Each structure stands twice: as structure tokens, then as C-alpha cells.
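Structure first, commentary second.
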Amino acid sequence: MKTYIALFRGINVGGKKRLPMKDLVTVLEGLGLQGVKTFIQSGNAVFRGKGIAIMRLSKKVAAAIEESHGFAPWVLLLEAPVLEQAIKRNPYPEAEAAPSTLHVGFLATVPPRPDLDGLEKLRTAGERFALAGDVFYLHAPDGIGRSKLAAGMERLLGVPMTSRNWNTICKLGQLAREA
């Protein structure tokens, strides 16, 4: 059995696309997945399953949620070693002391033509970013709420992505190791 991490995009935000985590557990268990654990309401789950192709499993999860809740969220699945590698490759280890300022974005694919110059133009003096394949690291010491870089990163990378702060990344890593 493999351990997977599911990152859901756009659920339980502003009262829209409501998916209580206990319902998510039920949906995932209904697909035959085991040891399902969720973390915070924004849509993160860790579970075990027989080696199923990631894209196929992602589509099955989205379809099951659509059937049960009336919408199909974007689901990015990672195998546990991919998450561990992202944690180990953090280019800003000193930022871990303020974990809410460090964000890791997981991209649907490696961007074929990322506009790194465009990203650099949006960056404020305190912000830093790094692209490592299909993982994007953003250190935003002043937060991402008003960050033009955070607002423009997906558009300039040119592929869908979902991001989590360092606290969440570390907790998901812990849950995956315990699975």
C-alpha cells in the first residue's frame, strides 16, 4: 500500500463548496482508501491505498465528491515521498522559524514556460521564491494577503497549483509518516 496526500483546492472557503471533513473521510473510505486522516477544514487528507495511478485516483475522488456533494473539486494527489522531498528541499530553512510566512505550492505539472521575470517584477524587497520542478516555494515575511507575487504566481507559472503554509506542510508530512 502507498501513502497519499490529497490537497483540495477551493473547498470550504467563504461558505462555498462545503465539504465537512467527516464527509470527506466517508467519501474516501467509500473508495476503498484506508487510514484516512484530515487536517484543517481547507481540504487536506492523508490515506493509504493500493498503488493506483495518481491522475486516475484524483479523478475518482473528485467524481465521488461531485456525486455526494454536487461539485467536483480540483484534487492534487501526492505520494508521501514527494511531500517528504519538498520538505527536505526547502530553500529557505531559516524561514521555518516563522512558518506562516513560508508557503509551498504544488503544481499540476512542471511548468513548460514559467515567466520567472514576471514573478521577479511582482516580488517585493522582502519576498523570495524558488521553482524546483513542480514545486514552488514562496517566502513572504509580510504575509500573502496583499502580496502581488502570491496573487500572480499561478498565472505566471502557467499551470494550476495549490499552496499550503509551512505549518500545514509539516503536519501533513507527520501524518504521512504515521500512516
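Filtered by the rule that a residue be surrounded by fewer than 17 Cβ atoms within 10 Å (Cβ to Cβ) and farther than 16 Å from Leu76 by Cβ, segment 133-157 gives Pro141, Asp142, Gly143, Gly145, Arg146, Lys148, Ala151, Gly152, Arg155.
Quick test for you: out of Glu120, Glu79, Glu84, Glu154, pick the one residue that is farther than 20 Å from Arg9 by Cβ and in contact with a strand residue (DSSP E or B) (Cβ under 9 Å, 6 or more places away or on another chain). Step by step, each of Glu120, Glu79, Glu84, Glu154 is checked, and only Glu120 is farther than 20 Å from Arg9 by Cβ and in contact with a strand residue (DSSP E or B) (Cβ under 9 Å, 6 or more places away or on another chain). Checked against (1) modelled with pLDDT of 95 or more; (2) closer than 12 Å to Ala6 by Cα; (3) not aromatic (Phe, Trp, Tyr), Ser42 meets all criteria but (1).
Inspection of segment 44-54 finds no residue satisfying the criterion of being in contact (Cβ under 8 Å) with a residue 40 or more places away in the chain, within 23 Å of Val110 (Cα to Cα), out of contact with any helix residue (DSSP H, G or I) (no Cβ under 8 Å at 6 or more places or on another chain) and crowded, with 20+ Cβ neighbours inside 10 Å. Among the residues of segment 1-22, the one identified as part of a helix (DSSP H, G or I) and surrounded by 14 or more Cβ atoms within 10 Å (Cβ to Cβ) is Met21. Every listed requirement among (1) touching a residue at least 24 places away in the same chain (Cβ under 8 Å); (2) surrounded by 18 or more Cβ atoms within 10 Å (Cβ to Cβ) is met by Glu127 save one, (1).
Taking Ala97, is it touching a residue at least 24 places away in the same chain (Cβ under 8 Å) and farther than 22 Å from Asp134 by Cα? No.
Taking strands (runs of 3 or more DSSP E) as the structural unit, those lying wholly within segment 60-179 and holding at least 3 residues that are farther than 28 Å from Met1 by Cα and of a type outside the set (D, E, K, R) correspond to 128-132, 135-139.
The values are calculated or read from the model by the stated rules, or taken from the named source; none is laboratory data. These figures come from a predicted structure and were not determined experimentally. Backbone-built Cβ (ideal geometry, glycine too); neighbour counts: all protein chains shown.
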